[in-house]
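The values are calculated or read from the model by the stated rules, or taken from the named source; none is laboratory data. The structure displayed is predicted, hence computed values, not measured ones. All Cβ positions, even for glycine, are placed from backbone atoms using ideal geometry, and neighbour counts span all protein chains on display.
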Amino acid sequence: METNSINIEDIVKQVLSEMTGDKKVPAGSKTAGDIPKTARVAMLTKLEHFDIREYPIPELGEEDILVKVEGCGICGTDAHEFKRDPFALIPVVLGHEGTGEIVKMGSKVKKDSAGKPLKVGDKVVTCMIFKDNPDITMFDLNKQNVGGADVYGLLPDDDVHLNGWFSDYILIRGGSTVFNVSDLDLDSRILIEPCAVLIHAVERAKTTGILRFNSRVVVQGCGPIGLICIAVLRTMGIENIVAVDGEEKRLAFAKEMGAETTVNFKNYKGVEELAEGVKEAFSGYLADFAFQCTGSPAGHSNIYKFIRNGGGLCELGFFINGGNATINPHFDICSKEITTVGSWVYTLRDYATTFDFIKRAKGIGLPLNKLITHKYSLEQINEGFATNLKMEGLKIAVVNSL
Ligand SMILES: NC(=O)c1ccc[n+]([C@@H]2O[C@H](COP(=O)([O-])OP(=O)(O)OC[C@H]3O[C@@H](n4cnc5c(N)ncnc54)[C@H](O)[C@@H]3O)[C@@H](O)[C@H]2O)c1
Ligand SMILES: [Zn+2]
């Protein structure tokens, strides 16, 4: 075996970490010598089809990080890209809800984007690829779509190819945003990205000044987004939560996640009757605040009826254009003085807050990890996407250790 300066450096790191008692790095397993010469990626080569391709793992620049991928969630955005390629990225390595272990780092990499030290063996996630302003969102960048927003897993293919988390290895280039999340288990790390969406939504909601301790809150839509919304509210001390959906299984899960009462909209005729149902669920009151977590125009139209005069609304269900929704500006907004905010993705600061949210949610016994209902290996990725499109389960993940 050829001995070069890179693996000597890794051996020294290994010996030092053993001397300092860091048992997370077992002897011999994280050195450059253990890294294969090639890595597999799931490349979306045409609509609704991934091919497993193998590419050489390149030499690392002094600010680069090589991560061995452990798992990655399938997002609604991935499903859109899989079905229609709206961002014109094909061929592309998708996967932006990923996490894994650092197996090699350039000599200049010392800390993550929050200033936490980084070493070989640490577990990491990535966020958007800019870090000058932790409060900036994709919206502020005036990007037309997520494809242009520089997120690993939504990057155009290039000579390196190791650009997305549906893979064995991903190359995190110098200047990227990377966070050390070694203190979270794998499933929690896979859920960071969707959780950050709700941390941002609740931060947006707080700007109205209406959402308070003990507020009555409606969460409409109990897919992963609505369910995580309930969990975030619970960690904030808001317990008076009514969840609205049409699927009994999801409503049952909403209760497990912390909703006090649930309302199945399919049991009511017309929105007036439904609003009475919501009022009854709050013991005779309308909601102080509502989170709209469906992509359904009818859902948007209905939700105003659940909110009291002077209440607030956060609309976050329309990540993509789902068409127009009809409301009556007199009855729904003007005469009720409703304060509305929109919420789109997250900021880097929200990402960092999300790590604490996950620990707190677990601390109070919320079953966040149960959101991951299906796991597939990289070879089974086409099957995983098919399950996602059939709307079976909640969060589907591709996990390399299967
Ligand atoms: N703002 C953001 O940055 C952001 C990020 C991710 C996802 N989203 C959006 O959030 C929405 C929810 O995401 P998800 O993954 O939970 O989706 P999902 O499809 O799994 O869940 C939506 C839920 O809404 C329910 N529903 C549909 N119509 C309804 C109605 N009229 N009243 C009550 N419930 C109704 C469905 O039964 C379903 O359980 C999506 O439309 C998605 O595009 C937004
Ligand atoms: Zn996503």
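The table that follows gives values for the structure above.
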{"quantity": "Within the range 162-183, tally of residues that are part of a loop (DSSP other than H, G, I, E, B) and within 19 Å of Ile74 (Cα to Cα)", "calculated": "6"}
{"quantity": "Single residue of the range 71-100 satisfying the filter (surrounded by 18 or more Cβ atoms within 10 Å (Cβ to Cβ) and of a type in the set (D, E, K, R)) that is modelled with the highest pLDDT", "calculated": "Glu97"}
{"quantity": "Neighbours by Cβ (under 6 Å, 6+ apart or cross-chain): first from the range 69-84, in the same structural domain as Thr373 (by TED's automatic domain parsing) and aromatic (Phe, Trp, Tyr); second assigned to a helix (DSSP H, G or I) and at pLDDT 95 or above", "calculated": "Phe82/Phe385"}
{"quantity": "Test for Arg189: is it modelled with pLDDT under 95 and of a type outside the set (A, V, I, L, M, F, W, C)", "calculated": "no"}
{"quantity": "Hey, Val202 out of contact with any Cys (no Cβ under 8 Å at 6 or more places or on another chain) and either under 30 Å from Phe87 (Cα atoms) or outside any loop (DSSP other than H, G, I, E, B) (or both) or not", "calculated": "no"}
{"quantity": "Among residues of the range 256-298, those that are closer than 12 Å to Leu227 by Cβ and away from ligand 1 (no atom under 14 Å from the Cβ), counted", "calculated": "2"}
{"quantity": "Selection from the range 316-364 of residues that are within 11 Å of ligand 1 (Cβ to nearest atom) and either closer than 18 Å to Val271 by Cα or touching an Asp or Glu at 6+ places or on another chain (Cβ under 6 Å) (or both)", "calculated": "Ala325, Gly342"}
{"quantity": "Filter result for Gly393 (away from ligand 2 (no atom under 16 Å from the Cβ), on the phi > 0 side of the Ramachandran plot and in contact (Cβ under 8 Å) with a residue 12 or more places away in the chain)", "calculated": "yes"}
{"quantity": "Scan of the range 41-79 for residues that are within 16 Å of ligand 1 (Cβ to nearest atom) and either part of a strand (DSSP E or B) or in contact with a strand residue (DSSP E or B) (Cβ under 6 Å, 6 or more places away or on another chain) (or both), ordered by number", "calculated": "Cys72, Gly73, Ile74, Cys75"}
{"quantity": "Residue identified as at pLDDT below 95 and either of a type in the set (Ser, Thr, Tyr) or touching a helix residue (DSSP H, G or I) at 6+ places or on another chain (Cβ under 9 Å) (or both) among Thr207, Thr177, Thr235", "calculated": "Thr177"}
{"quantity": "Subset tally (residues that are within 15 Å of Gln292 (Cα to Cα), of a type in the set (A, V, I, L, M) and more than 14 Å from ligand 1 (Cβ to nearest atom)) for the range 194-245", "calculated": "4"}
{"quantity": "Candidate set from the range 289-304 (those that are in contact with a strand residue (DSSP E or B) (Cβ under 7 Å, 6 or more places away or on another chain) and in contact (Cβ under 8 Å) with a residue 40 or more places away in the chain); member that is surrounded by the fewest Cβ atoms within 10 Å (Cβ to Cβ)", "calculated": "Gly299"}
{"quantity": "Tally of residues being charged (D, E, K, R) and away from ligand 1 (no atom under 16 Å from the Cβ) across the range 80-118", "calculated": "8"}
